[in-house]
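Novice: After the structure tokens below, expect a handful of questions from me.
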């Protein structure tokens, strides 16, 4: 079950073949949450800086999502290396 503070609302869920993309509205900001496996990235933008939710959706173009994927790969690699350094993973 997802716990959200009372004033947080899910504004839009965007279908994508690789990511789970959810846009929230909270505290005068849109929060764009992009998830892949156990990792997530969150971007915030003031609601007053865009004309509406469709402007936010337009920001999530192919170039943006490509760099988002690259960041996820880096996150996974960094986390795996940390585990190796701490001897949590047997090679």
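Novice: So what are the three principal axis dimensions of the chain from its Cα atoms, in whole Å, longest to shortest?
Specialist: 51, 32, 22
Novice: In addition: In degrees, nearest 10, range 0 to 90: what is the angle between the Cα axis of helix 62-85 and the longest Cα principal axis of the chain?
Specialist: Tilt relative to the chain: about 30 degrees.
Novice: Suppose R0 equals 25 Å. What FRET efficiency, 1/(1 + (r/R0)^6) with r the Cβ-Cβ distance, do residue 61 and residue 29 give to the nearest 0.05?
Specialist: FRET efficiency, residue 61 to residue 29: 0.75.
Novice: Ignoring everything except DSSP H segments at least 4 long, calculate the 222 nm mean residue ellipticity for the chain; use -39,500 (n - 2.57) per segment, divide by total residues, nearest 500.
Specialist: That calculation yields -11000 deg cm²/dmol at 222 nm.
Novice: At what distance in nm do the modelled label points of residue 78 and residue 8 sit from each other, each positioned 7 Å from its Cα along Cα→Cβ?
Specialist: Here the answer is 2.2 nm between the modelled labels.
Novice: Fewest Cβ neighbours within 10 Å first, please rank 24, 79 accordingly.
Specialist: Lowest to highest Cβ neighbour count: 79, 24.
None of the figures in this text is laboratory data; all of them are computed from the coordinates on show. What you are looking at is a predicted structure, and each value in this text was computed from that prediction instead of being measured. Counting neighbours? That spans all protein chains shown, and the Cβs are built from the backbone with ideal geometry, glycine included.
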